[in-house]
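The values are calculated or read from the model by the stated rules, or taken from the named source; none is laboratory data. From a predicted model like this one, the values you see are computed outputs, not experimental measurements. As a convention, Cβ positions derive from the backbone with ideal geometry for all residues, glycine included, and neighbour counts pool all protein chains shown.
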Amino acid sequence: VRAYFWTPAFAALIIVLLFWTSYRQIVRVFKWLTLVLFAYVIAAFLAHPDWAAVLRYTFLPHLEWNSRYLSVLVGILGTTISPYLFFWQAAQEVEEEADMGRTRLAQRKGATMEELRAARRDVVIGMFFSNIVMYFIILTTAATLHAQGKTDISSATDAAAALQPLLGRFAELLFAVGIIGAGLLAIPVLTGSTGYTVSEAFGWRHGLDENVTRAKGFYGIIIASTVAGMLFNYLGLDPIKALVYSAVINGVTSPPLLFLIVMLSNRRTVMGEYTNRPWSNIFGWAAVLAMTAATIAYFVTFFV
């Protein structure tokens, strides 16, 4: 009964947040919500893992050649560099400029070196902390659920219930808070990315500071995506498996897009004087090669 009530309630809250608050207010809410994710870091320390083993396998990871292992590897890469991030990041840069009063395209052309450095810092810091949180989520899971042989988790409720006898009520509460915070962060980003992508493809008005009546298509896509996500809860699907499958799909589809982005970033006809520097190319091509190799290896396991 609680799930049937809270799922639509949270969906409605997200829609209200995106529709009737300004972009500046939305950013403020998201900024504070990110702190909730550090609940996973606290939970990892409460699990009291073998820190010597943690350090050893962090730098010398255990590798396996099978589809299950490689699907998780592709999924982790897919959640780190996801296709929707390419659209969301670009759209948010435009939103930031519009929020500063640069509402016309001509006002947003070009960027100063300081603006580019600020954008680089923003991305580096964001990716660093997002990967730290992911690391501690994996660590907590390994030190608790996996260590006790609990590998068949089909919902967040199952995971929280399994954690309680291992870490206590407080850790279970931390996990629940982390899940809720992650959902409230991720759903607007995912639905918003879909709204931006579809709206740009069809030339519709779009933007979180746009009035609902002026950007009906944009907000309509956000509503449809949010409602579709909500309805999945009533179809009896395994949400954990659905998350893994979607992560794998992200990991498979990201390399071609990333390849095009790195290529375009090196074209002077597109970037002018702001083409990639050597280190950007090294890391960019390394990411393309790593994700492509993981994807190819994953598909090869089905035939070998």
Working only within the stretch 169-196, note down all residues that are touching a His at 6+ places or on another chain (Cβ under 8 Å) and touching a residue at least 40 places away in the same chain (Cβ under 8 Å). Y196
Any chance V41 is over 26 Å from N233 (Cα atoms) and either in contact with a Cys (Cβ under 8 Å, 6 or more places away or on another chain) or assigned to a helix (DSSP H, G or I) (or both): yes
Which residue pairs have Cβ atoms closer than 6 Å, lie 6 or more positions apart in sequence or on different chains, and pair a first residue in the stretch 266-292 that is of a type outside the set (A, V, I, L, M) with a second residue that is in a helix (DSSP H, G or I) and surrounded by 14 or more Cβ atoms within 10 Å (Cβ to Cβ)? N276/S265; G284/V262; T292/P255
Would you be able to tell me the number of residues in the stretch 264-290 that are closer than 25 Å to I76 by Cα, surrounded by 14 or more Cβ atoms within 10 Å (Cβ to Cβ) and not small (G, A, S)? 3
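Quick check: is even one residue across the stretch 47-56 closer than 26 Å to P255 by Cα and either at pLDDT 80 or above or touching a Cys at 6+ places or on another chain (Cβ under 7 Å) (or both)? It would help to see each step written out before you state the result.
Our first condition is that a residue be closer than 26 Å to P255 by Cα; within the stretch 47-56, this holds for none.
No - not one qualifying residue is present in the stretch 47-56.
With respect to L264, is the statement that it is farther than 21 Å from G192 by Cα and not in a helix (DSSP H, G or I) true?
On the way: farther than 21 Å from G192 by Cα: yes; not in a helix (DSSP H, G or I): no.
So L264 does not fit the description; no.
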Residues being modelled with pLDDT of 75 or more, under 18 Å from A201 (Cα atoms) and exposed (fewer than 12 other Cβ atoms within 10 Å of the Cβ): count how many of those fall in the stretch 91-118. 0
Which condition breaks for L63 when tested against (1) under 19 Å from Y219 (Cα atoms); (2) outside any helix (DSSP H, G or I)? (1)
Restricted to the stretch 140-179, and to residues that are at pLDDT below 70 and in contact with a Phe, Trp or Tyr (Cβ under 6 Å, 6 or more places away or on another chain), which residue is surrounded by the fewest Cβ atoms within 10 Å (Cβ to Cβ)? A160
Among residues of the stretch 50-75 being surrounded by 16 or more Cβ atoms within 10 Å (Cβ to Cβ) and under 19 Å from V133 (Cβ atoms), the residue nearest to the chain's Cα centre (by Cα) is G75
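So which residues in the stretch 212-246 are of a type in the set (G, A, S) and farther than 18 Å from G192 by Cα? Show your work before the answer.
Kept after step one, since they are of a type in the set (G, A, S), are these residues of the stretch 212-246: 215, 217, 220, 224-225, 228-229, 236, 242, 246.
If the condition is that a residue be of a type in the set (G, A, S) and farther than 18 Å from G192 by Cα, then G236, A242 are the ones that fit.
For the structure I just gave you, tell me whether T197 is under 18 Å from V94 (Cα atoms), β-branched (V, I, T) and either modelled with pLDDT of 85 or more or assigned to a helix (DSSP H, G or I) (or both).
Working: under 18 Å from V94 (Cα atoms): yes; β-branched (V, I, T): yes; either modelled with pLDDT of 85 or more or assigned to a helix (DSSP H, G or I) (or both): yes.
Spelling it out, T197 is indeed under 18 Å from V94 (Cα atoms), β-branched (V, I, T) and either modelled with pLDDT of 85 or more or assigned to a helix (DSSP H, G or I) (or both).
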